[in-house]
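**Q** Below is the structure I would like to discuss, written out as structure tokens.
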Amino acid sequence: MGVAAIEVSGLVKTYRLGDVTVEALKGVDLSIDAGEFLAVMGPSGSGKSTLMNILGCLDRPTSGKYLLDGRDVGGLSRDGRAILRRSRLGFVFQGFNLLPRLSARENVELPMIYDGTPAQDRRARAIAALSAVGLADRAHHLPSQLSGGQQQRVAIARAMVNTPAMILADEPTGNLDSATSEEIMGIFQRLNDERGITMVLVTHEPDIALFSKRVVRFLDGRIVEDRPVPDRRRPVPREAGG
Amino acid sequence: MNLYSAGKVAFRSLRANKMRSALTMLGMIIGVAAVIIMVAIGEGANRRISAQIASVGSNLLLVLPGSTTSGGLRSGFGSAPTLTMADARAVGKELSSVRAASPAMRSSGPVVYGNQNWSTILQGAAPEYLDMRDWKVTSGRNFTAQEMDAASKVCLLGQTVSDYLFGTEDPVGKIVRIKRSPFTVVGILDRKGQSPQGQDQDDVVILPITTLQKKLAGSAHAGVVGVIMVQAVDADRIKEAERQVTALLRQRHRIGPGQDDDFSVRNLSEMLALAESATRIMSLLLGGIASVSLVVGGIGIMNIMLVSVTERTREIGIRMAVGARERDILSQFLIEAVLLALTGGAFGILFGAGGAVLTSRFAGWTTVISPAAVFLAFGFSAAVGVFFGYYPARKASRMDPIEALRYE
């Protein structure tokens, strides 16, 4: 594409907590190219989650500009942002956030329910997405019947099923052991490499950030560091013959 | 999100909380059942009154002879103190608003056939009488004007009299003795049932009034009648008929301005219409009281939907994150509330109909389950679902996705 997928300038977000005004973001400028794999780091309260929420169109900035694929999305209505979320964005959360009463397949179908995809297509695409994360045989299981790593893979399948331009992952490995974390990061890298989906990852684990191509560090609502990852980590290949 | 998927989602979440959904529905079930039963009882009462009104005949006026005939001060010089056959004929012929008039007179006495006898009411009337009262002849015929003029000894038997005297035998053409005179039975009257006053209207023998006057009553002044029954041309002209009859009779009786009538005109239909409107008010009242419980059921739905929305805050957050619009969330919860209300309403209709059947079986009341009431109850429960489901659904749809996702 050439153009920056995301262009953020002068982003400010303030919250009112009673009488106190908290500045979560104090003027953030950031551009993320299409196909990039960005890790956002920083201590809690540094504003990285706030940035994620704004990038994910779950929240609006108090001031500043946010261009997604050249389009200003700061002024979109709630519904406008909802439509954008389901067509262009995917989310992966620390707590998986699957609906407990729906099977893996139905959870993956969820974004397509809201854009009116016919049931037949929905099913086929959900199964395809589940196969892409290696869970085709678990399609009919409920989240409670799956391990943490499997649940997160279902969540990834849900995030990618509408072929989004960007996946936002907020501490996706926070609840997982290191081997499973590595597996999950491997899936993200694959989606990024093979499908060109832009990845934005929030993490506070430095070794997880090493899976990305570029690391941005936040402190007190500002970007204090922005550097590429020179020696990118790859998941250790599983032992052959397994 | 289309309606089908939305309905499926709603159905699943209701099924996930079976006990809670069932209890919430119970409120609606009781409300709708109460409305159905009450309306059925009210309708039943209405129908009974209407049937009685129909049995009396429609648009009828009754002219009664004056009750103030004793005083010497009355100046009805040259006029008859009571109603006459001539009055009845005049009323029937001369007035534009009157369709027909019949003199009538009552007596009583034993009717004998073979070795059976039965004391009954002897109703003298003109041939028009049956038509005015909307009374059919099931076999045989009515008596004719000629038979009335000739004071023929013919009679029609009511079903009760016919049953007692003849049993299964066909009375038409047979001779009965009324007060020792032989009468030919020319016809049998259709069954009329009870009068609004509770009398058996079929326990009667109808004969020409002239015959009654001359042969049976032995009345001193022939030509005097008991009452005159008047039928107006239609319901709108009853009042007019009442005025015209009054004016005509005053003129015929030579009653000057300022003097009291020596007769009185009563509007039968009006009295019955009054009774009808009383039962209608009663059934409205019953329905009204019952719908209060429907509203209570609706509040139950609202309550449980609010709990459900709070409980499922996280679910709402997830749905919003994956792209549900406000109206997707709104319709999801609204459909859930309507589904609760409609399912409750459907069961309520079933139980209400069952209750109405039991009421009429054990309490002996007439109950009528009208399709209109069923549709209304169903529509009303949907409306209750929408009305009481809207606020919780709106609350859900207005949630902040970030807050909702963070909710534990």
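The values are calculated or read from the model by the stated rules, or taken from the named source; none is laboratory data. Keep in mind the model is a prediction, meaning the values are calculated, not measured. Heads up, the Cβs are rebuilt from the backbone with ideal geometry, glycines too, and the neighbour counts pull from every protein chain shown.
**Q** If A:Asp121 satisfies all but one of (1) modelled with pLDDT of 95 or more; (2) more than 19 Å from A:Leu201 (Cα to Cα), what's the number of the condition it fails?
**A** (1)
**Q** Shifting gears a bit: Before we move on, is B:Gly173 at positive phi and either in a loop (DSSP other than H, G, I, E, B) or in contact (Cβ under 8 Å) with a residue 12 or more places away in the chain (or both)?
**A** For B:Gly173, the condition - at positive phi and either in a loop (DSSP other than H, G, I, E, B) or in contact (Cβ under 8 Å) with a residue 12 or more places away in the chain (or both) - is met.
**Q** Among the residues of region B:326-333, is there at least one that is more than 36 Å from the chain's Cα centre (by Cα) and either on the phi > 0 side of the Ramachandran plot or more than 12 Å from chain A (Cβ to nearest Cβ) (or both)?
**A** At the first step, the residues of region B:326-333 found to be more than 36 Å from the chain's Cα centre (by Cα) are B:326-333.
Next, only the ones that are either on the phi > 0 side of the Ramachandran plot or more than 12 Å from chain A (Cβ to nearest Cβ) (or both) stay: B:333.
For region B:326-333, residues more than 36 Å from the chain's Cα centre (by Cα) and either on the phi > 0 side of the Ramachandran plot or more than 12 Å from chain A (Cβ to nearest Cβ) (or both): present.
**Q** Of everything in region B:93-113 that's touching a residue at least 12 places away in the same chain (Cβ under 8 Å) and outside any strand (DSSP E or B), which residue is surrounded by the fewest Cβ atoms within 10 Å (Cβ to Cβ)? Spell out how you get there, then give the answer.
**A** Of region B:93-113, the ones touching a residue at least 12 places away in the same chain (Cβ under 8 Å) are B:94-113.
Now drop any that are not outside any strand (DSSP E or B), which leaves B:94-97.
Working: B:Glu94: 12, B:Leu95: 20, B:Ser96: 9, B:Ser97: 19.
So the residue we want is B:Ser96.
**Q** Just give me the residues in region B:1-22 being in contact with a helix residue (DSSP H, G or I) (Cβ under 8 Å, 6 or more places away or on another chain), within 8 Å of another protein chain (Cβ to nearest Cβ) and not in a helix (DSSP H, G or I), in sequence order.
**A** Hit for region B:1-22 is B:Met1, nothing else.
**Q** Residues that are surrounded by 22 or more Cβ atoms within 10 Å (Cβ to Cβ): list the strands (runs of 3 or more DSSP E) wholly contained in region A:124-242 that include at least 3 such residues. Steps first, please.
**A** Details: elements: A:166-170, A:198-202, A:214-219, A:222-228.
Answer list for region A:124-242: A:166-170, A:198-202.
**Q** What do you reckon, is B:Thr343 more than 30 Å from A:Leu76 (Cβ to Cβ), among the β-branched types (Val, Ile, Thr) and not in a helix (DSSP H, G or I)?
**A** On the way: more than 30 Å from A:Leu76 (Cβ to Cβ): yes; among the β-branched types (Val, Ile, Thr): yes; not in a helix (DSSP H, G or I): no.
So B:Thr343 does not fit the description; no.
**Q** For region A:139-151, what are the residues that are touching a Leu at 6+ places or on another chain (Cβ under 7 Å) and more than 14 Å from every other protein chain (Cβ to nearest Cβ)? Spell out how you get there, then give the answer.
**A** Applying the first criterion (touching a Leu at 6+ places or on another chain (Cβ under 7 Å)) to region A:139-151 yields A:139, A:143, A:148-151.
Within region A:139-151, A:Ala139, A:Gly148, A:Gly149, A:Gln150 qualify.
**Q** Okay, moving on. Go through A:Ala132, A:Ala136 for me and flag whichever is more than 8 Å from every other protein chain (Cβ to nearest Cβ) and more than 21 Å from A:Met199 (Cα to Cα). Steps first, answer last, please.
**A** On the way: A:Ala132 fails: more than 21 Å from A:Met199 (Cα to Cα).
Exactly one of A:Ala132, A:Ala136 is more than 8 Å from every other protein chain (Cβ to nearest Cβ) and more than 21 Å from A:Met199 (Cα to Cα), namely A:Ala136.
**Q** Still on this structure, please answer the following. Which one of these is touching a residue at least 12 places away in the same chain (Cβ under 8 Å), among the aliphatic types (A, V, I, L, M) and part of a loop (DSSP other than H, G, I, E, B): B:Ala353, B:Ala275, B:Ala324, B:Ala337?
**A** B:Ala324
**Q** Scan region A:105-129 for residues that are closer than 15 Å to B:Val322 by Cα and away from every other protein chain (no Cβ under 12 Å) and jot them down.
**A** We begin by selecting, within region A:105-129, every residue closer than 15 Å to B:Val322 by Cα; these are A:105-117, A:122, A:126.
Matches in region A:105-129: A:Arg105, A:Ala126.
**Q** Turning to a different aspect of this structure: Restricting the search to region B:21-39, which residues are surrounded by fewer than 24 Cβ atoms within 10 Å (Cβ to Cβ) and hydroxyl-bearing (Ser, Thr, Tyr)?
**A** Hit for region B:21-39 is B:Ser21, nothing else.
**Q** For B:Arg361, which of the numbered conditions (1) more than 14 Å from chain A (Cβ to nearest Cβ); (2) touching a Phe, Trp or Tyr at 6+ places or on another chain (Cβ under 6 Å); (3) charged (D, E, K, R) fails to hold?
**A** It is condition (2) that B:Arg361 fails.
**Q** Now a separate question. Exactly one of (1) surrounded by fewer than 19 Cβ atoms within 10 Å (Cβ to Cβ); (2) basic (Lys, Arg); (3) under 28 Å from A:Gly174 (Cα atoms) is unmet by A:Arg88. Its number?
**A** Checking A:Arg88 against (1) surrounded by fewer than 19 Cβ atoms within 10 Å (Cβ to Cβ); (2) basic (Lys, Arg); (3) under 28 Å from A:Gly174 (Cα atoms), the one that fails is (1).
**Q** Same structure, new question: Just to verify a result, which residue in region A:51-98, among those that are of a type in the set (S, T, N, Q), within 12 Å of chain B (Cβ to nearest Cβ) and in contact (Cβ under 8 Å) with a residue 12 or more places away in the chain, is nearest to A:Met185 (Cα to Cα)?
**A** Pass one, region A:51-98, residues of a type in the set (S, T, N, Q): A:53, A:62-63, A:77, A:87, A:94, A:97.
Now narrow it down to the ones that are within 12 Å of chain B (Cβ to nearest Cβ): A:53, A:77, A:87, A:94, A:97.
Those left that are additionally in contact (Cβ under 8 Å) with a residue 12 or more places away in the chain: A:87, A:94, A:97.
On the way: A:Ser87: 23, A:Gln94: 13, A:Asn97: 18 Å.
Residue satisfying both the conditions and the ranking: A:Gln94.
**Q** Exactly one condition in (1) at positive phi; (2) surrounded by fewer than 21 Cβ atoms within 10 Å (Cβ to Cβ); (3) touching a Phe, Trp or Tyr at 6+ places or on another chain (Cβ under 8 Å); (4) not acidic (Asp, Glu) is not met by B:Gly258; state its number.
**A** Failing condition for B:Gly258: (3).
**Q** Pick from B:Leu216, B:Leu274, B:Leu248, B:Leu268: which is over 36 Å from the mean Cα position of the chain (by Cα) and either at negative phi or at pLDDT below 85 (or both)? Even if it seems obvious, please write down each step before you answer.
**A** Details: B:Leu274 fails: over 36 Å from the mean Cα position of the chain (by Cα); B:Leu248 fails: over 36 Å from the mean Cα position of the chain (by Cα); B:Leu268 fails: over 36 Å from the mean Cα position of the chain (by Cα).
It is B:Leu216.
**Q** Just a yes or no: is a residue in region B:281-299 within 14 Å of chain A (Cβ to nearest Cβ) and surrounded by fewer than 15 Cβ atoms within 10 Å (Cβ to Cβ)? Full working, then the answer.
**A** Of the residues in region B:281-299, the ones within 14 Å of chain A (Cβ to nearest Cβ) are none.
No.
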